[in-house]
Amino acid sequence: MKIDRLIGILAILLQQDKVTAPYLAEKFEVSRRTINRDIEAICKAGIPLVTTQGQNGGISIMDGYRVDRTLLTSSDMKAILAGLRSLDSVCGTNRYQQLMEKFSAGNSNLLISGGHIAIDLSSWYKSSLSPKIELIQSAIEGNRKIGFNYYSPKGESRREIEPYLLVFQWSSWYVWGYCGDKKDYRMFKLNRMLELVCTGEMFEARELPEFKIENDNIFRGSLEVTALFEPEFKWRLIEEYGPDSFEEQADGKLLFRFWFMDKESTFGWLLSFGNHVELISPAELRDEMGKIVKEIAKKYE
């Protein structure tokens, strides 16, 4: 991609006093003519580059612009490289590894010293997620709509959206875009999407609202649940909902309070604790859960 190459060229020029066009052409596996166009594009972007001829000639950043080399410090570069490593963990390609090497050109120590940070965004569903991420990323870059069957607690539906953003949050991947059915922006979980296709239909990019990832805005809980847990499950409550989600009682048990989206997800989560939890409220959910437990017991009698 051109933008990757431009960033890579700029990263090299920020780290080396002078490089030649043939060196850049070999590094990025393109022609010298392409490199010349890239240099022109960087200059048009407001970064003054100087080309000198002769035996010690080459391409460099204008001396008066050297102060801006501090835009990318060593710590900045290490953080960028750690992020690029994580992207390859889900995409199933090594293009971000290649971009990482271009970023670190002339300073191989960055690749080594940044090794104390490891981010793996892959999951058990990597084989199905990677193609989805690649397809959606391509659709975003090409302003093309995507269509898919979507499965949620409300049922199954066929959706068509204008994709604008891939989001990794709450340990899962989502796509954020404008839904034609709802006439509004929506988040869709990739694991719930089947029969995903790029429709080929172009769309004109909208003036996007500010994107904010806030649990209260994306997942508005409608059920306030209170439950009493055995103390040995404190680790799960801390891991899944945080230390502020419960109060430790005098007998060591944990009084848990939280808002849930719907009763199905509430029952499923509570039942995963077996007989180590008691649902306290709301009363109607407590009664319904009691019936569910009795029905389960009948199956095993």
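The values are calculated or read from the model by the stated rules, or taken from the named source; none is laboratory data. Predicted, not measured: the structure shown is a model, and the values here were computed from it. For neighbour counting, all protein chains shown are included, and Cβ atoms are generated from backbone atoms with ideal geometry for every residue, glycine included.
Could you run through the stretch 1-60 and say how many residues are small (G, A, S) and in contact (Cβ under 8 Å) with a residue 40 or more places away in the chain?
4
Take L196 and decide whether it is in the same structural domain as L135 (by TED's automatic domain parsing) and either among the hydrophobic types (A, V, I, L, M, F, W, C) or free of Cβ contacts under 8 Å to residues at least 12 places away in the same chain (or both).
In short, yes.
What are the residue pairs meeting all of these: first residue in the stretch 242-271, first residue free of Cβ contacts under 8 Å to residues at least 40 places away in the same chain and over 16 Å from A283 (Cα atoms), second residue part of a helix (DSSP H, G or I) and of a type outside the set (D, E), Cβ atoms under 7 Å, and 6 or more apart or on different chains?
Correct list of pairs: S245/L237; F246/L237; G252/P231; K253/P231; L254/P231; L254/K234; L254/L237.
Go through the stretch 28-62 and give me each residue that's charged (D, E, K, R) and either within 17 Å of D4 (Cβ to Cβ) or outside any helix (DSSP H, G or I) (or both).
The answer is E29, R37, D38.
Within the stretch 137-158, work out how many residues are free of Cβ contacts under 8 Å to residues at least 60 places away in the same chain and either of a type in the set (V, I, T) or closer than 12 Å to K189 by Cβ (or both).
Number satisfying all stated conditions: 6.
Which residue, of F203, F211, is within 29 Å of W176 (Cα to Cα) and surrounded by 15 or more Cβ atoms within 10 Å (Cβ to Cβ)? Break it down into steps so the answer makes sense when it comes.
On the way: F211 fails: surrounded by 15 or more Cβ atoms within 10 Å (Cβ to Cβ).
Matching residue, one of F203, F211: F203.
Among the numbered conditions (1) free of Cβ contacts under 8 Å to residues at least 12 places away in the same chain; (2) at negative phi, tell me where G274 comes up short.
Here G274 meets the rest and fails (2).
Being surrounded by 15 or more Cβ atoms within 10 Å (Cβ to Cβ) and over 25 Å from K154 (Cβ atoms) is the filter here, so list the residues in the stretch 277-292 that pass it.
Correct list: V277, E278, I280.
Go through the stretch 4-23 and report how many residues are closer than 16 Å to Q53 by Cα and buried (at least 17 other Cβ atoms within 10 Å of the Cβ). Let's see the steps before the verdict.
Of the stretch 4-23, the ones closer than 16 Å to Q53 by Cα are 17-23.
Subsequent filtering for residues that are buried (at least 17 other Cβ atoms within 10 Å of the Cβ) retains 19, 21.
Result for the stretch 4-23: 2.
Those residues that are surrounded by 11 or more Cβ atoms within 10 Å (Cβ to Cβ) and either closer than 13 Å to G180 by Cβ or acidic (D, E) (or both), I need them from the stretch 151-164; list them, please.
Across the stretch 151-164, the qualifying residues are S157, R159, E160, I161, E162, P163.
Does E160 satisfy the criteria of being on the phi < 0 side of the Ramachandran plot, at pLDDT 95 or above, of a type in the set (D, E) and not in a loop (DSSP other than H, G, I, E, B)? Let's see the steps before the verdict.
Working: on the phi < 0 side of the Ramachandran plot: yes; at pLDDT 95 or above: yes; of a type in the set (D, E): yes; not in a loop (DSSP other than H, G, I, E, B): yes.
Answer is yes for this residue.
Hey, can you tell me all the residues within the stretch 243-270 that are among the hydrophobic types (A, V, I, L, M, F, W, C) and surrounded by 15 or more Cβ atoms within 10 Å (Cβ to Cβ)?
Selection gives F246, L254, F256, F258, F260, F267, W269, L270.
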